[in-house]
Amino acid sequence: MIKILLVDDQHLIRQGLKALLELEQDLEVIGEAENGEIAISLIEQLYPDVVLMDIRMPVMDGVAATREIQKRFPGIKVLVLTTFDDDEYVKAALHNGAMGYLLKDTPSEELAVAIRAVHKGYTQLGPGIVKKLLTQFPPFAAHNSPPPPPSLAELTPREKDVLRLIATGATNKEIAQQLYISEGTVKNHVTNILNRLNLRDRTQAAIFANSFLSYLN
């Protein structure tokens with residue numbers, strides 16, 4: 001059972017999320033908080049597996065709360081909920097240890113899948129975030145790109161295909177559909193890519209791929 005703490009300053013949002021998540025047999029909402037300060041207090045008591053974190057809240061916002069959680073409770077995963085208007089907040093939350101982000105209108109089945117993935121340690125990025133994140137990395141602009149590392153040449157043609165699609169923000173399911181392979185095979189390719197390029201997660205892989213896109217053709 002995956003234990004979840006809901007953190008959002010809007011009671012109706014928390015109610016809706018709880019109702020949706022309670023339909024999943026392996027997910028359990030063990031607490032709710034209306035701001036980051038209360039969330040941290042509850043974490044000390046309940047120790048959830050995953051915190052579903054709003055970004056903009058009074059008293060302590062989601063960025064500050066995420067930073068504190070990662071500092072004091074590094075084993076707890078944080079999944080951010082936001083809107084497209086929160087780009088800077090999203091970047092800051094990811095920088096401070098959040099495992100990913102989702103939009104608040106994400107379908108319930110996708111939300112459940114994302115929570116399970118984050119619980120296992122996988123990064124989850126909502127639509128459009130990869131391209132938005134790239135804007136904060138000016139050194140990766142095409143005219144400033146350094147030579148590719150030798151490890152890039154070690155990737156197989158199929159791994160390069162997967163990496164190119166990661167750069168677009170495609171999910172494993174979408175990559176599998178486009179390349180006509182199974183999701184399990186995609187996961188294996190992603191693992192190999194991260195290991196060979198010495199990257200931490202899909203976000204770094206996407207940034208890397210966009211930096212050296214011309215070498216992936």
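The values are calculated or read from the model by the stated rules, or taken from the named source; none is laboratory data. Given the structure is predicted, the values throughout are model-derived calculations rather than measurements. So basically every Cβ, Gly included, is an ideal-geometry build from the backbone, and we count neighbours across all protein chains shown. With ligands, DNA and RNA removed, areas are computed over all heavy atoms of the protein, side chains included. Shrake-Rupley method; radii C 1.70, N 1.55, O 1.52, S 1.80 Å.
What to note about this one:
- Every residue from the range 101-145 that is modelled with pLDDT under 75 and in a helix (DSSP H, G or I): I129, V130, K131, K132, L133, L134, P138, P139, F140, A142, H143, N144
- Only a single criterion out of (1) touching a residue at least 40 places away in the same chain (Cβ under 8 Å); (2) more than 20 Å from T82 (Cα to Cα); (3) open to solvent by less than 20 Å² (accessible area, probe 1.4 Å) is not satisfied by D8, namely (2).
- Against the conditions (1) at pLDDT below 80; (2) buried (at least 19 other Cβ atoms within 10 Å of the Cβ); (3) charged (D, E, K, R), K77 satisfies every one except (1).
- Selected residue (only one of L20, L42 is part of a helix (DSSP H, G or I) and modelled with pLDDT under 95): L20
- Filter pass, K18 being of a type in the set (D, E, K, R), under 15 Å from the mean Cα position of the chain (by Cα) and surrounded by fewer than 19 Cβ atoms within 10 Å (Cβ to Cβ): no
- Residues that are closer than 17 Å to G100 by Cα, of a type outside the set (S, T, N, Q) and surrounded by fewer than 18 Cβ atoms within 10 Å (Cβ to Cβ), drawn from the range 36-70: R56
- Qualifying residue in the range 88-101 (condition: charged (D, E, K, R), within 23 Å of A206 (Cβ to Cβ) and surrounded by fewer than 16 Cβ atoms within 10 Å (Cβ to Cβ)): yes
- Test for V29: is it assigned to a strand (DSSP E or B), in contact with an Asp or Glu (Cβ under 8 Å, 6 or more places away or on another chain) and either free of Cβ contacts under 8 Å to residues at least 40 places away in the same chain or loosely packed, with under 14 Cβ neighbours inside 10 Å (or both): yes
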